[in-house]
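The values are calculated or read from the model by the stated rules, or taken from the named source; none is laboratory data. Please read all numbers here as calculations on a predicted model, not as lab measurements. Cβ placement follows ideal geometry from the backbone for every residue including glycine, while neighbour counts extend to all protein chains displayed.
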Amino acid sequence: MSSVHFYRPSQGHGLPHDPFNAIVAPRPIGWISTVAPDGTRNLAPYSFFNAFAYTPPIVGFSSTEEKDSARNARETGEFTWSLVTRPLAERMNETSTTEGVDEWERAGLQPAPSRVVAPPRVADSPVGFECRVSQILPLTGADGTPNGAVLTLGEVVGVHIDEDYLQDGIYQTAKAQPVMRAGGPSAYYGISEDLRFDLRRPR
């Protein structure tokens, strides 16, 4: 029988790199675009991102603290999400900088205008969501102690899909080559059609 590594997160994991991010993986990346009240634009990738509801569609991203994206979303009530694809991965990585620069210019990305909200989408991305903030939740531990993190949830009020990725009206997930964050300091994954399998839900 193999041995099991057990640890209490409050006491440290005892490994070279925190395994939590690697276990809950691969995680889709939310490329979040916001505009500050003074008009300053911001673009940042979030691997703590996901979809949370169908009707109305809700997506959300979590920050370890209230960084520019979360602050701008709170102050303006809007953000957009753009799909990170393999051809855009290196430029996505450039936007993860914490330096006080324009991430769009640094990464050589062009903004595409949104129809419903003010923040732009990434023009080269094949899919984009326009979102209005629905909830902002300060996160806490089980004892109720705030940990400084904040979860920003938004209703998707506009969806942009490059029609090249629609086949008979069905969105082709693998064709878009989405990029997902994995464990360790530098690991990412993609997906391919040969990894697909189908299951039908039981009645």
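Going by the conditions given, is Ala149 hydrophobic (A, V, I, L, M, F, W, C), over 18 Å from the mean Cα position of the chain (by Cα) and either outside any loop (DSSP other than H, G, I, E, B) or buried (at least 16 other Cβ atoms within 10 Å of the Cβ) (or both)?
For Ala149, the condition - hydrophobic (A, V, I, L, M, F, W, C), over 18 Å from the mean Cα position of the chain (by Cα) and either outside any loop (DSSP other than H, G, I, E, B) or buried (at least 16 other Cβ atoms within 10 Å of the Cβ) (or both) - is not met.
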The range 58-95 - residue that is part of a loop (DSSP other than H, G, I, E, B) and modelled with pLDDT of 95 or more and, of those, surrounded by the fewest Cβ atoms within 10 Å (Cβ to Cβ) = Gly77
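Please determine, by comparing only the residues of the range 11-23 that are of a type outside the set (Gly, Ala, Ser) and surrounded by 12 or more Cβ atoms within 10 Å (Cβ to Cβ), which one is modelled with the highest pLDDT.
Start the filter on the range 11-23 by keeping residues that are of a type outside the set (Gly, Ala, Ser), which leaves 11, 13, 15-21, 23.
Going one step further and asking which of them are surrounded by 12 or more Cβ atoms within 10 Å (Cβ to Cβ), we end up with 13, 17-19, 21.
Numbers: His13: 94, His17: 85, Asp18: 85, Pro19: 84, Asn21: 78.
Looking at the filtered set, the residue picked out is His13.
Taking the range 42-57 as the search range and keeping residues that are over 22 Å from Ala107 (Cα atoms) and either in contact (Cβ under 8 Å) with a residue 12 or more places away in the chain or out of contact with any strand residue (DSSP E or B) (no Cβ under 8 Å at 6 or more places or on another chain) (or both), which one is surrounded by the fewest Cβ atoms within 10 Å (Cβ to Cβ)?
First, the residues of the range 42-57 that are over 22 Å from Ala107 (Cα atoms): 50-57.
Checking the rest, the ones that are also either in contact (Cβ under 8 Å) with a residue 12 or more places away in the chain or out of contact with any strand residue (DSSP E or B) (no Cβ under 8 Å at 6 or more places or on another chain) (or both) come to 50, 52-57.
On the way: Asn50: 14, Phe52: 13, Ala53: 13, Tyr54: 7, Thr55: 5, Pro56: 10, Pro57: 15.
By that ranking, first place goes to Thr55.
How many residues does the range 163-180 contain that are among the charged types (D, E, K, R) and surrounded by 14 or more Cβ atoms within 10 Å (Cβ to Cβ)? Full working, then the answer.
To start, the set of residues in the range 163-180 that are among the charged types (D, E, K, R) comprises 163-164, 168, 175.
From what is left, the residues that are surrounded by 14 or more Cβ atoms within 10 Å (Cβ to Cβ) are 175.
Final tally of qualifying residues: 1.
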Check Thr140 against each of (1) crowded, with 16+ Cβ neighbours inside 10 Å; (2) at pLDDT 95 or above and name the one condition it does not meet.
-> (1)
Just need a number here: residues in the range 5-19 that are outside any helix (DSSP H, G or I) and more than 24 Å from Ala187 (Cα to Cα).
-> 1
Say we look at the range 17-33 and pick out the residues that are in contact (Cβ under 8 Å) with a residue 24 or more places away in the chain and in contact with a Pro (Cβ under 8 Å, 6 or more places away or on another chain); which of these is farthest from Ser96 (Cα to Cα)?
-> His17
Among the candidates Gly39, Gly108, Gly77, Gly14, residue that is in contact with a strand residue (DSSP E or B) (Cβ under 7 Å, 6 or more places away or on another chain), on the phi > 0 side of the Ramachandran plot and without any contact (Cβ under 8 Å) to a residue 60 or more places away in the chain = Gly77
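Among the residues of the range 96-108, how many are among the acidic types (Asp, Glu) and surrounded by 19 or more Cβ atoms within 10 Å (Cβ to Cβ)?
Applying the first criterion (among the acidic types (Asp, Glu)) to the range 96-108 yields 99, 102-103, 105.
Then keep just the ones that are surrounded by 19 or more Cβ atoms within 10 Å (Cβ to Cβ); that gives 103.
Total meeting the criteria: 1.
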Hey, Asn42 hits all of (1) more than 20 Å from Gly158 (Cβ to Cβ); (2) in contact with a helix residue (DSSP H, G or I) (Cβ under 6 Å, 6 or more places away or on another chain) but one; which does it fall short on?
-> (1)
Inspect the range 160-177 for any residue being part of a strand (DSSP E or B), among the acidic types (Asp, Glu) and touching a residue at least 24 places away in the same chain (Cβ under 8 Å) and give the result as yes or no.
-> no
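Within the range 26-57, take every residue that is assigned to a loop (DSSP other than H, G, I, E, B) and of a type in the set (Val, Ile, Thr) and give me the one that is nearest to Pro120 (Cα to Cα). Show your work before the answer.
Just the residues of the range 26-57 that are assigned to a loop (DSSP other than H, G, I, E, B), to begin with: 26, 29, 36-40, 47-48, 54-57.
Adding the requirement that they be of a type in the set (Val, Ile, Thr) leaves 29, 40, 55.
Values: Ile29: 17, Thr40: 12, Thr55: 24 Å.
The selected residue is Thr40.
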